[in-house]
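Inspection log for the structure reproduced underneath, given as structure tokens.
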Protein chains: 2
Amino acid sequence: MIKVAIIGYGNLGRGVERALKQNKDMELVGIFTRRSPELVQTEGGQAYKMEELTSKKNAIDVCILCGGSATDLPAQTPEWTHSFNTIDSFDTHAKIPEHFAKVDKVAKENKTTSIISTGWDPGLFSLNRLYAQSILPVGQTNTFWGKGVSQGHSDALRRIAGVADAVQYTIPNNDVIEKLKAGEQLDLTTRDKHFRECFVVLDEGADGEKIREIIVSMPNYFAEYDTEVHFISQAELDQEHKEMPHGGTVLHTGTTHENTKQVIEYNLQLESNPEFTASVLVAYARACVRLAREKQFGAFTVLDIAPKYLSDRTDEELRKELL
Amino acid sequence: MIKVAIIGYGNLGRGVERALKQNKDMELVGIFTRRSPELVQTEGGQAYKMEELTSKKNAIDVCILCGGSATDLPAQTPEWTHSFNTIDSFDTHAKIPEHFAKVDKVAKENKTTSIISTGWDPGLFSLNRLYAQSILPVGQTNTFWGKGVSQGHSDALRRIAGVADAVQYTIPNNDVIEKLKAGEQLDLTTRDKHFRECFVVLDEGADGEKIREIIVSMPNYFAEYDTEVHFISQAELDQEHKEMPHGGTVLHTGTTHENTKQVIEYNLQLESNPEFTASVLVAYARACVRLAREKQFGAFTVLDIAPKYLSDRTDEELRKELL
């Protein structure tokens, strides 16, 4: 059995707790939170104070870090990787190299294993970009997201002073997708491919126009897109915007000899983004523990992990059942 | 530069020669054929007699074996793996474990590296089945092929005594695909999902009814499907059935907590099946040489290979550009 700790208990942490129940080779050791454990309503798992984590070191094979990318993970992943094998879903694309370097150093010094930036993008979509571009080097890859709620972007909104609550929708430009599938060669900017729509609840007395400006100019998150911001009440947000569907497509259109067209498409339709992301984290938690048992220490990403490590089946079973 | 030999020169071998031109880190050493080299019309590559391969051992990093699965590869892959790193596209699903064991033994004894059963199915579709099932263990995977020409099945037809030429189309049952995407739970047999349609040119004097019986009862290829056989002239075959489009879909419908539906779909639309398969072989040839340089000897499949090995970019570039 692989013994798992959940660090942080929002939508993603809850998703991990649920996903662990679907994987027979894994068991939950505990949920570690900065809140008062008595106040955390879990799905049955025992909640502990974050400070108790270190004392349980010998009972834990891997920690799944379920905090946000804006401020939690940049600090937490290096910190906990001192003592534990870790998995995170750090998704600030531009800062991944820096995050990787930091975690890799800690992991190698302390003989632990960490897989960072796991989930579906970065994660499964990254894998599909890599496979497609390696197989069809003459071609163009485009990634489209949504329509759906981005947890990372919603989280970034909620961390702005004066914002009480917020939800962000990513909306793909379907006209562009159809043109690409039909074989048109397009030179696309980030702005052409998606729109971003934000529903924001302000704290009492907060300056809406100032916050709108902070949002639309936030680098890596909103500055590169056409972003619409709506201020609404908490009641409206709770009623209309609390489901978390998402999805998206990695579309690679390549050519082989003399413009022979070859299309590779990877598509996700998710009724719950956090539950799906959690399921990816849990599969890579299995891979992480296996790498650690083989003494492969350091930081890894999904690009470094042989697919078989994700499965609880033996190599023989996989060859027989899946090839 | 990675120095590549092509072994066997049919549609697949020609596709490999074309694909090598799209990969700047690879160069063709030569094409090795059982035919008279003077009679082989290549795309510019030098053709040699098969017997000359051994003498060029030091000039070759990897041999891409482009023969058929019915009789060529079961003999050739173990044979050439004695002296070379090898890649094949062995696609008789039921016999992969046996083929793997044989090649693995030779490779380990001779300190070579072989990646078997590469292509899109087995190959990319196998990968997608593995990723999807590992991430959403509560779910159902279905693979659909076509409509398109299956090289393996056409090859099997052509090897029957009395058959002069033949083409086989795999046709998916689209009704079933639509039902699955709409969320229906179906218990499907192999026969429900596809039809097989064969266009066969007989040798003069061959017994059509006997050959039809051999085809429809051929295990692993046709016996498990509803198979239609049409006997036509060589002229009609050449005119109507010499394009080689293909494609298909791996569809995994899973659920996370309380029946929350999550759909993973991987889809290929290929104008040339052999050229696409060849492109997959070439990417894995790169991986093969890298594994060999790391002294990872033995047989491997796509399930064992970390995605980064397929790319000519560095780990740092991949993290920066693809995650």
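The values are calculated or read from the model by the stated rules, or taken from the named source; none is laboratory data. Here the structure is a predicted model, which means the values were calculated and not measured. FYI the Cβ positions are ideal-geometry reconstructions off the backbone, even for glycines, and counts take in every protein chain you see.
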Restricting region B:149-165 to residues that are in contact (Cβ under 8 Å) with a residue 12 or more places away in the chain and charged (D, E, K, R), the residue that is nearest to B:Lys242 (Cα to Cα): B:Asp165
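Let's see how each residue does on (1) of a type in the set (A, V, I, L, M, F, W, C); (2) at pLDDT below 95:
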site	(1), (2)
B:Pro37	no, no
B:Gln41	no, no
B:Met50	yes, no
B:Gly68	no, yes
B:Leu73	yes, no
B:Thr77	no, no
B:Thr81	no, no
B:Asn85	no, no
Tally of residues being in a helix (DSSP H, G or I) and at the interface with chain A (Cβ under 7 Å from one of its Cβ atoms) across region B:138-160: 0
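One line per residue, one yes/no per condition, for (1) touching a residue at least 12 places away in the same chain (Cβ under 8 Å); (2) closer than 27 Å to A:Trp120 by Cα; (3) not β-branched (Val, Ile, Thr):
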residue	(1), (2), (3)
A:Gly183	yes, yes, yes
A:Asp187	no, yes, yes
A:Lys210	yes, no, yes
A:Met218	yes, yes, yes
A:Asp226	yes, yes, yes
A:Lys242	yes, yes, yes
Test result for B:Leu303, among the aliphatic types (A, V, I, L, M), facing another protein chain (nearest Cβ under 7 Å) and buried (at least 21 other Cβ atoms within 10 Å of the Cβ): yes
Test for A:Lys57: is it touching a helix residue (DSSP H, G or I) at 6+ places or on another chain (Cβ under 9 Å) and without any contact (Cβ under 8 Å) to a residue 60 or more places away in the chain: no
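For (1) in contact with an Asp or Glu (Cβ under 9 Å, 6 or more places away or on another chain); (2) surrounded by 13 or more Cβ atoms within 10 Å (Cβ to Cβ), each residue gets a yes or a no:
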| residue | (1), (2) |
| --- | --- |
| A:Gln46 | no, no |
| A:Leu53 | no, yes |
| A:Gln76 | yes, yes |
| A:Ser83 | no, yes |
Hey, A:Asp88 of a type in the set (Asp, Glu) and crowded, with 24+ Cβ neighbours inside 10 Å or not: yes
Within region B:239-271, considering residues that are among the β-branched types (Val, Ile, Thr) and more than 7 Å from chain A (Cβ to nearest Cβ), the one surrounded by the most Cβ atoms within 10 Å (Cβ to Cβ): B:Val250
Test set (1) within 7 Å of chain A (Cβ to nearest Cβ); (2) under 20 Å from the mean Cα position of the chain (by Cα); (3) not charged (D, E, K, R) - B:Thr277 fails condition number: (1)
Checking B:Asp121 against (1) at pLDDT 95 or above; (2) within 21 Å of A:Leu127 (Cα to Cα), the condition it does not meet: (1)
Residue within region A:64-71 that is within 21 Å of the chain's Cα centre (by Cα) and exposed (fewer than 15 other Cβ atoms within 10 Å of the Cβ) present: yes
Residue selected from region A:30-44 under the condition farther than 21 Å from B:Asn259 by Cβ and either of a type in the set (Gly, Ala, Ser) or crowded, with 21+ Cβ neighbours inside 10 Å (or both), by the criterion farthest from the other protein chains (Cβ to nearest Cβ): A:Ser36
Matching residues, region B:306-317, being crowded, with 22+ Cβ neighbours inside 10 Å and aliphatic (A, V, I, L, M): B:Leu310
Residue list for region A:96-117, restricted to those being more than 10 Å from chain B (Cβ to nearest Cβ) and either touching a Leu at 6+ places or on another chain (Cβ under 7 Å) or modelled with pLDDT under 95 (or both): A:Thr113
Total residues in region A:284-297, condition surrounded by fewer than 24 Cβ atoms within 10 Å (Cβ to Cβ) and either in contact with a strand residue (DSSP E or B) (Cβ under 7 Å, 6 or more places away or on another chain) or on the phi < 0 side of the Ramachandran plot (or both): 9
Helices (runs of 4 or more DSSP H) (entirely within region A:213-323) containing at least 3 residues that are within 28 Å of A:Gly10 (Cα to Cα): A:234-240, A:273-293
Residue match in region A:122-137 (condition: more than 13 Å from chain B (Cβ to nearest Cβ) and either in a loop (DSSP other than H, G, I, E, B) or surrounded by fewer than 21 Cβ atoms within 10 Å (Cβ to Cβ) (or both)): no
The one condition in (1) surrounded by 12 or more Cβ atoms within 10 Å (Cβ to Cβ); (2) touching an Asp or Glu at 6+ places or on another chain (Cβ under 7 Å) that B:Leu188 fails to fulfil: (2)
